[in-house]
Amino acid sequence: MFLCCSLAFSQEAEDGTSAVELTVIPKLEFNPYVGTDGSGLGYSNSYSTLYTLFEGSFSEHVSWTVANHWFQLPDTWGDKSYDWLWPYHNLGFSDAANWLDVLTFDFTFDGWDFTIGKQGLFTGGFELDEWDWDCNYDLASVYWNELPSYHWGAAVSYTLPSETTTFAAQATTSPLGSRPFASGAYAYSLRWSGEYGPVSNLWSITAFGKGEGEYEWVASLGQRFTAGDWTFTLDYNNIAGFNWDNYDILHGHMFRGAVDFAAGEKLDLSLVGNMVTSRYDDYNMWSVGAKADYYPISGNRDLRTYASLSYHPENTYLGLIIGVMYNLRIRVF
């Protein structure tokens with residue numbers, strides 16, 4: 001995803017001129033829910049937030065991307081002021097998200113792409129290859145919800161001349177260390193992505209460093225099949241979650257399946273299921289959900305309204321999310 005964005009801007013600047021665009025992305029959500037254990041009704045502001053995406057290119061070979069998470073409403077209006085300012089309390093840490101998601105420079109030459117800066121980890125299959133603002137946290141996997149996925153480092157990739165296959169390697173700071181670089185914990189990934197007609201894959205293996213030469217290994221296998229207006233996606237990760245008290249990975253198996261249907265120019269429908277199996281009682285769970293995305297402007301998908309319904313039996317939770325998101329694109333020059 002991140003490489004594709006940078007490549008797109010490089011292609012725009014093939015005439016030698018620079019191209020710079022700022023996208024402001026407000027997202028407003030409301031989440032009424034029912035406690036199926038008899039706890040009654042409740043509501044939250046869900047994932048109401050403000051992002052920006054700043055992309056540009058200096059030439060056909062050099063481009064850059066900056067993605068920021070500026071602000072997020074607390075779950076309810078009565079929460080403490082700390083919760084209003086959370087993106088700014090985690091600066092300087094590797095094990096938590098903060099206001100800066102991505103800051104990368106890309107250098108592309110003859111199928112090769114070199115990326116340096118803060119970037120998304122090469123893990124999690126197709127689910128973690130999406131921008132955060134396009135995800136629905138109620139339908140997301142435990143891996144998406146628990147992993148601090150943006151880290152400082154470098155990556156190199158090579159795309160075959162057929163443009164169907166890309167191999168990539170990445171080295172970054174590790175989420176299993178509290179301080180970037182100072183913890184001495186690094187993560188190393190290898191990834192194979194391919195698009196072969198109706199079949200696509202996103203496979204990776206990651207060694208999450210804990211410091212002092214200790215590593216936890218996570219394999220991620222993402223497979224996607226497209227047939228007309230239908231898209232079927234299955235992501236597998238050999239992980240059940242995290243124990244942040246000890247900076248450990250909880251071993252197990254995580255599956256996420258999604259069926260997407262393009263019902264028309266303005267309407268997309270989705271069914272999603274998540275399942276985690278492990279030897280830990282608290283990490284054997286499943287959830288199901290459905291989502292509808294509606295784009296009211298013909299020929300333009302910058303404005304998106306959506307609704308999702310999900311059921312989480314382990315949390316005795318039945319939730320509805322109603323939201324609206326807008327991509328305000330500003331061409332700087």
- Note on the structure: The number of residues in the stretch 54-74 that are within 17 Å of Val24 (Cβ to Cβ) and charged (D, E, K, R) is 1
- Message: For the stretch 301-332: of the residues being out of contact with any Ser or Thr (no Cβ under 7 Å at 6 or more places or on another chain) and not in a strand (DSSP E or B), which is nearest to Asp281 (Cα to Cα)?
- Response: Glu314
- In the stretch 270-308, how many residues are out of contact with any Lys or Arg (no Cβ under 9 Å at 6 or more places or on another chain), aromatic (Phe, Trp, Tyr) and without any contact (Cβ under 8 Å) to a residue 60 or more places away in the chain? 2
- Say we look at the stretch 107-149 and pick out the residues that are without any contact (Cβ under 8 Å) to a residue 12 or more places away in the chain and closer than 25 Å to Ser278 by Cβ; which of these is nearest to the chain's Cα centre (by Cα)? Cys135
- Query: Counting only residues that are assigned to a loop (DSSP other than H, G, I, E, B) and surrounded by 15 or more Cβ atoms within 10 Å (Cβ to Cβ), which one in the stretch 62-88 is modelled with the lowest pLDDT?
  - Reply: Asp75
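Yes/no matrix, rows are residues, columns are (1) out of contact with any Pro (no Cβ under 9 Å at 6 or more places or on another chain); (2) among the hydrophobic types (A, V, I, L, M, F, W, C); (3) surrounded by 20 or more Cβ atoms within 10 Å (Cβ to Cβ):
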site	(1), (2), (3)
Asn90	no, no, no
Leu100	no, yes, no
Phe107	yes, yes, no
Leu121	no, yes, yes
Ser149	no, no, no
Ala154	yes, yes, no
Thr164	yes, no, no
- Please indicate, with yes or no, whether at least one residue in the stretch 308-321 is under 19 Å from the mean Cα position of the chain (by Cα), farther than 21 Å from Asp235 by Cα and among the hydrophobic types (A, V, I, L, M, F, W, C). yes
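Report yes if some residue within the stretch 222-236 is more than 18 Å from Val259 (Cβ to Cβ), modelled with pLDDT of 95 or more and in a strand (DSSP E or B); otherwise report no.
Start the filter on the stretch 222-236 by keeping residues that are more than 18 Å from Val259 (Cβ to Cβ), which leaves none.
Looking through the stretch 222-236, none of the residues is more than 18 Å from Val259 (Cβ to Cβ), modelled with pLDDT of 95 or more and in a strand (DSSP E or B).
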- Quick check: is even one residue across the stretch 206-218 basic (Lys, Arg) and touching an Asp or Glu at 6+ places or on another chain (Cβ under 8 Å)? yes
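Scan the stretch 43-57 and tell me whether some residue there is over 19 Å from the mean Cα position of the chain (by Cα), under 30 Å from Ser200 (Cα atoms), at pLDDT 75 or above and assigned to a loop (DSSP other than H, G, I, E, B). First the steps, then the outcome.
We begin by selecting, within the stretch 43-57, every residue over 19 Å from the mean Cα position of the chain (by Cα); these are 43-45, 56-57.
When the remaining residues are screened for being under 30 Å from Ser200 (Cα atoms), the result is 56-57.
Now drop any that are not at pLDDT 75 or above, which leaves 56-57.
Next cut, assigned to a loop (DSSP other than H, G, I, E, B) only: none.
Looking through the stretch 43-57, none of the residues is over 19 Å from the mean Cα position of the chain (by Cα), under 30 Å from Ser200 (Cα atoms), at pLDDT 75 or above and assigned to a loop (DSSP other than H, G, I, E, B).
The values are calculated or read from the model by the stated rules, or taken from the named source; none is laboratory data. Model, not experiment: these values are computed from the prediction. Virtual Cβ from ideal backbone geometry, glycine too; neighbours counted across all protein chains shown.
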